[in-house]
1. Helix 147-164 versus the longest principal axis of the chain: what is the Cα-based angle in degrees, 0 to 90, to the nearest 10?
2. If you stretched the chain out fully between residue 99 and residue 62, how much longer would it get, using 0.36 nm times the residue separation minus the C-alpha to C-alpha distance?
3. Return a whole-number percent for the relative contact order of the range 1-127, with Cα pairs under 8 Å and 6 or more residues apart as the contact set.
4. Measure nothing fancy, just the Cα-based angle from helix 18-27's long axis to the longest principal axis of the chain, in degrees from 0 to 90, nearest 10.
5. Mark the label point 7 Å from the Cα of residue 122 along Cα→Cβ and return the residues of the range 1-25 whose backbone N is within less than 16 Å of it.
6. So what is the relative contact order of the chain, in percent, for Cα pairs below 8 Å that sit 6 or more residues apart?
7. Give me the extension gain from residue 54 to residue 135: residue separation times 0.36 nm, minus the current Cα-Cα distance, reported in nm with one decimal.
8. Would you mind computing, in nm to one decimal, how far apart the modelled labels at residue 15 and residue 192 are, each placed 7 Å from Cα along Cα→Cβ?
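What follows draws every value from the coordinates through simple rules; no lab data is involved. Not measured: the values here are computed from a predicted model. Note that we place each Cβ from the backbone using ideal geometry, even for glycine, and neighbour counts take in every protein chain shown.
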């Protein structure tokens with residue numbers, strides 16, 4: 001009953017009736033992806049969502065100027081692809097496996113049937129979307145302040161995800177300079193300058209390949225005034 005256990009951990013199916021879980025077991029399809037393989041492609045038709053049950057994925061989007069921005073990483077258990085499934089449109093981003101990944105694929109038709117029959121699943125979906133909107137609002141605020149605040153948001157969010165996923169040493173973030181640049185849409189010079197300032201403030205250390213958070217609370221509490229004080 002490994003699939004049933006995986007469903008119980010999914011944000012969509014936590015604390016739902018057994019009938020909903022049994023129905024989902026019957027209509028989901030397990031998929032395996034190797035590290036580097038695309039799970040979803042931006043602008044492709046979205047006929048199914050994926051419940052990430054094992055592994056880590058990266059979400060990225062290419063803008064009109066052909067510039068790629070990394071939106072973030074997701075650790076199992078997580079859900080991707082629900083926006084296109086709900087809206088009936090194209091994928092808004094590309095999702096690529098960072099490690100070997102296992103998913104449970106759920107097609108739109110079956111998902112709609114489950115939502116109609118089991119309101120608890122619909123409630124979980126609503127709660128998940130609310131959390132996503134709240135996160136995006138926080139991101140807009142942080143990115144609108146300055147680079148220090150933007151990086152603080154990126155680092156602390158990734159740290160919290162790694163804690164929830166039970167990753168050993170969650171404070172050690174596997175982020176290189178290029179990756180950081182793509183996350184905040186900033187130049188190499190700006191990233192290097194701000195990382196140096198955050199290091200001098202003893203909030204983190206950085207060796208060009210990974211970021212080690214020394215003071216997570218300090219990063220979380222960065223405000224506009226504190227960020228300006230680092231300049």
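1. Tilt of helix 147-164: around 40 degrees.
2. Details: separation 37, 0.36 × 37 = 13.32 nm, distance 2.16 nm.
Separation in residues times 0.36 nm, less the Cα-Cα distance, equals 11.2 nm.
3. Details: 263 pairs, mean separation 45.3, N = 127.
Dividing the mean separation by the residue count of the range 1-127 yields 36 percent.
4. 90 degrees
5. 13, 16-17, 20
6. On the way: 384 pairs, mean separation 44.5, N = 231.
It comes to 19 percent, rounded to a whole number.
7. Numbers: separation 81, 0.36 × 81 = 29.16 nm, distance 2.29 nm.
The span from residue 54 to residue 135 would gain 26.9 nm if fully extended.
8. About 5.0 nm, to one decimal.
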